[in-house]
1. Within the bounds of segment 6-15, is there any residue that is polar (S, T, N, Q) and either modelled with pLDDT of 95 or more or in a helix (DSSP H, G or I) (or both)?
2. Specify which of the listed residues (73, 26) is at pLDDT 95 or above and among the hydrophobic types (A, V, I, L, M, F, W, C).
3. Cβ-Cβ under 6 Å, sequence separation 6+ or interchain: first residue in segment 14-32 and of a type outside the set (Phe, Trp, Tyr), partner at pLDDT 95 or above. Which pairs?
4. Name the pairs: first residue in segment 56-81 and of a type in the set (A, V, I, L, M), second residue loosely packed, with under 10 Cβ neighbours inside 10 Å and assigned to a loop (DSSP other than H, G, I, E, B), Cβ to Cβ under 9 Å, at least 6 apart or on different chains?
5. State all residues of segment 62-81 that are surrounded by fewer than 11 Cβ atoms within 10 Å (Cβ to Cβ) and in a loop (DSSP other than H, G, I, E, B); if no residue qualifies, say none.
Amino acid sequence: MTVSERDPAMTIDERLDRLTERNEALAQSLELLHASTQDLRESVMAHDRYVATLMSAATKLLETATNHEHRQLRLEGQTPS
């Protein structure tokens, strides 16, 4: 059912006004969506930096534990495996 079938008294100017209002509402919705997307992108980037920091710390901790184990084996007169 078209707009003219629902309200046959609607003029061309009224139709244009209605379409303009809908277009503006869609434009505002897109602006809000874009802003939300930008916020989400920034959050994901911050999360990625945090995970990278954790991975770096875990890698350093693993190196420290491995070096400690090798040192301990050397002091006990065994060869590290």
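1. Narrowing segment 6-15 to residues polar (S, T, N, Q): 11.
Still in the list and also either modelled with pLDDT of 95 or more or in a helix (DSSP H, G or I) (or both): none.
The answer is no; no qualifying residue exists.
2. Every option except 26 fails the conditions.
3. From segment 14-32, no pairs qualify.
4. Filtered contacts from segment 56-81: 73/79; 73/81.
5. If the condition is that a residue be surrounded by fewer than 11 Cβ atoms within 10 Å (Cβ to Cβ) and in a loop (DSSP other than H, G, I, E, B), then 76, 77, 78, 79, 81 are the ones that fit.
The values are calculated or read from the model by the stated rules, or taken from the named source; none is laboratory data. For clarity, every value in this text was computed on a predicted model and none was experimentally measured. Note that each Cβ is placed from the backbone with ideal geometry, even for glycine, and that neighbours are counted across all protein chains shown.
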